[in-house]
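Following this message is one structure expressed as structure tokens.
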Amino acid sequence: MRANLHLLFVVAASVAAGCGAGGPPIVSPAMVKSAQSRSPEATQASLEAGRETYGTACKKCHALPKINKYSAEKWPGYVESMSKAAKLDETQTKQVMDYVLAARASAP
């Protein structure tokens, strides 16, 4: 019984860790600087909003693609098409675009 309880704890901890590890990258100062080089009006707050929208709206229909799945050249077309499906407004689409491009530029 004790071994089963231990196994259950290990599995639950692994699942919980996996959920946090699989989320969108946290906005960093390097990401803000990268975003501002393409979009001078980008701020920490607008990137955080883009991260939040990316992490919630996108997951309603499918798993989040890893930030480095698409090139910086491919992300804009992908975001544009998906933003229509997700019914994002212009501001949300811009925030998601700024976020994913900044995250992509900062990805290892």
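Please give the helices (runs of 4 or more DSSP H) falling wholly within the stretch 1-67 in which 1 or more residues are modelled with pLDDT of 95 or more.
Once the helices (runs of 4 or more DSSP H) in the stretch 1-67 are filtered for at least 1 residues that are modelled with pLDDT of 95 or more, what remains is 29-38, 44-57.
Counting only residues that are modelled with pLDDT of 95 or more and small (G, A, S), how many does the stretch 84-104 have?
Residues in the stretch 84-104 being modelled with pLDDT of 95 or more and small (G, A, S): 2 in total.
Here's another thing I want to ask about it. Among the numbered criteria (1) closer than 13 Å to A103 by Cα; (2) at pLDDT 95 or above, which single criterion is violated by E73?
For E73, the failing item is (1).
Conditions tested, residue by residue: (1) out of contact with any Gly (no Cβ under 7 Å at 6 or more places or on another chain); (2) surrounded by fewer than 16 Cβ atoms within 10 Å (Cβ to Cβ).
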{"position": "P24", "(1), (2)": "no, no"}
{"position": "V32", "(1), (2)": "yes, no"}
{"position": "A42", "(1), (2)": "yes, no"}
{"position": "A45", "(1), (2)": "yes, yes"}
{"position": "A49", "(1), (2)": "yes, no"}
{"position": "C61", "(1), (2)": "yes, yes"}
{"position": "Y78", "(1), (2)": "yes, yes"}
{"position": "S83", "(1), (2)": "yes, no"}
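Considering each residue of the stretch 68-108, count those that are assigned to a helix (DSSP H, G or I), under 23 Å from K33 (Cβ atoms) and among the hydroxyl-bearing types (S, T, Y), and give that number.
Number of matching residues: 4.
The values are calculated or read from the model by the stated rules, or taken from the named source; none is laboratory data. Please read all numbers here as calculations on a predicted model, not as lab measurements. Note that each Cβ is placed from the backbone with ideal geometry, even for glycine, and that neighbours are counted across all protein chains shown.
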